[in-house]
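**Student:** After the structure tokens below, expect a handful of questions from me.
Please treat every number below as a calculation from the coordinates, not as lab data. The shown structure was predicted, so the numbers you read here are calculated from the model rather than taken from an experiment. Every residue, glycine as well, gets a Cβ built from its backbone with ideal geometry; the counts of neighbours run over all protein chains shown.
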Ligand SMILES: [Zn+2]
């Protein structure tokens, strides 16, 4: 599935939600028409509304009609009350109140739309992003003894706000287990999803598996796997170094994906418990040359007390 196919699918889903909400509302209204009093009132309201429109077209006064409409509307409220019907139930109940299930708001994709895209991408990659892990929900007090982590949260928050205007196309966040790397990258993904960007979050295990599938599939689905890594606006590979090292796959495709995304100027974020020298040892010079490239990449040490601290600020 390519990004365009996913977008098309998301559009179909929104269209379906919209139709469903509107059909259900029409059906609820039609059911009410069984009631003679309601039906008569509804017909009167339409007649007066038409009269108002006509008068306006001929520049005639509408004061009497507007007063009558008000009376009819009050009557309607009373009838609905008697029938124990909530007036809001006659309106379509859209899945998304912001865009009324059109999928766009203020000239761009609505949040609900990018959420669908993200879900599809996650389904494809097998990842499970927690939507509650956001910068706003992050408790920086947890890092009161780790200034590197506090600084990283602020810088990454800023990074996501100004994305895609960034020079850091490959960011590698290194630090010990439990320092909070995964929460940080999930917050980044959620921030960008909210801004309408297509993001993909993968554990290194799932990344490895996706590459394995690409490598070993020889049908029409083959490129689906590679495209799911190359096409997202933003790709996270979490916990690099915990995946099994597969011959001809792990190192090779990590390089290919980093390199292709670099050429496309779409950022890739890596997290790892490994320190830079261990990353060179495991993935080789070629991969390391990409993640340590001074022009386009940044390695951020989130641990404390390490010698090879490479501060993000050098890139600002
Ligand atoms: Zn929406």
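**Student:** Taking only DSSP H segments of four or more residues, each worth -39500 (n - 2.57), what value at 222 nm results for the chain once the sum is divided by all its residues, to the nearest 500 deg cm²/dmol?
**Tutor:** Theoretical 222 nm ellipticity from helices: -18000 deg cm²/dmol.
**Student:** Compute the Cα gyration tensor for the stretch 3-90, then decide on rounded, prolate or oblate, letting a ≥ b ≥ c be the square roots of its eigenvalues: rounded whenever a/c is under 1.5, prolate when a/b is larger than b/c in the other cases, and oblate in all that remain.
**Tutor:** The shape class here is oblate.
**Student:** How far, in degrees from 0 to 90, does helix 3-32 lean away from the longest principal axis of the Cα atoms of the chain, to the nearest 10?
**Tutor:** Once rounded, one gets 20 degrees.
**Student:** Continuing with this model, one more query. In nanometres, what is the gap between the two model label sites at residue 37 and residue 212, each 7 Å from Cα along Cα-to-Cβ?
**Tutor:** Those two pseudo-labels are separated by 6.9 nm.
**Student:** Which whole-number percentage describes the relative contact order of the chain, with Cα contacts under 8 Å and a sequence gap of 6 or more?
**Tutor:** It rounds to 20 percent for the chain.
**Student:** Same structure again: Need the C-alpha centroid separation for the stretch 245-298 versus the stretch 140-156, integer Å.
**Tutor:** 25 Å
**Student:** Along Cα→Cβ, 7 Å out, is where each label goes; now give me the distance between the ones at residue 220 and residue 277 in nm to one decimal.
**Tutor:** Roughly 5.3 nm, to one decimal.
**Student:** Compute a Gaussian network model of the chain, connecting alpha carbons closer than 10 Å, and tell me which residue from 192, 83, 270 fluctuates the most.
**Tutor:** In this elastic network of the chain, the residue with the biggest mean-square fluctuation among 192, 83, 270 is 83.
**Student:** Two decimals is fine: what's Rg over Rh for the stretch 68-192, C-alpha atoms, Kirkwood radius as Rh?
**Tutor:** Computed over Cα atoms, the ratio is 1.22.
**Student:** Please grab the % of Cα pairs in the stretch 175-240 that end up more than 21 Å from each other.
**Tutor:** 32 percent
**Student:** Ok, one more. Using only the Cα atoms of the stretch 110-315, build the gyration tensor, take square roots of its eigenvalues as a ≥ b ≥ c, and label the shape rounded, prolate or oblate: rounded if a/c is under 1.5, else prolate if a/b is larger than b/c, else oblate.
**Tutor:** Because a/c hits 1.5 or more and a/b fails to exceed b/c, the stretch 110-315 counts as oblate.
**Student:** Let me ask another. Top mean-square fluctuation among 212, 263, 169, Gaussian network model of the chain, C-alpha springs under 10 Å?
**Tutor:** The residue with the greatest mean-square fluctuation here is 263.
**Student:** Multiplying the sequence separation of residue 66 and residue 22 by 0.36 nm and subtracting their Cα-Cα distance, what value in nm do you get?
**Tutor:** That pair, residue 66 and residue 22, stretches by 13.1 nm at full extension.
**Student:** Name the residue, out of 36, 25, 297, whose mean-square fluctuation peaks in a Gaussian network model built on the chain with Cα pairs under 10 Å.
**Tutor:** 36
**Student:** Measure nothing but the geometry: give the 0 to 90° angle between the long axis through the Cα atoms of 111-125 and the longest principal axis through the Cα atoms of the chain, rounded to 10°.
**Tutor:** Taking Cα atoms only, the helix is inclined about 40 degrees.
**Student:** Can you tell me the length gained on complete extension of the stretch residue 177 to residue 11, counting 0.36 nm per residue apart and subtracting the Cα distance?
**Tutor:** Length gained, residue 177 through residue 11: 55.8 nm.
**Student:** Angle between the Cα long axis of helix 181-194 and the longest principal axis of the chain, 0 to 90 degrees, nearest 10?
**Tutor:** 40 degrees
**Student:** Go ahead and run the numbers for FRET between residue 161 and residue 304, Cβ-Cβ distance against an R0 of 35 Å, rounding to 0.05.
**Tutor:** About 0.85, to the nearest 0.05.
**Student:** Between residue 45 and residue 93, what length in nm is gained on full extension when 0.36 nm per residue of separation is reduced by their alpha carbon distance?
**Tutor:** So the chain would gain 15.0 nm between residue 45 and residue 93.
**Student:** Here's a follow-up. If r is the Cβ-Cβ distance from residue 105 to residue 132 and R0 is 25 Å, what FRET efficiency results, to the nearest 0.05?
**Tutor:** For residue 105 and residue 132, the calculated efficiency is 0.65.
**Student:** When a/c is below 1.5 the answer is rounded, else prolate if a/b is larger than b/c, else oblate, so apply that to the stretch 49-123 with a ≥ b ≥ c taken from the square roots of the Cα gyration tensor eigenvalues.
**Tutor:** The shape class here is oblate.
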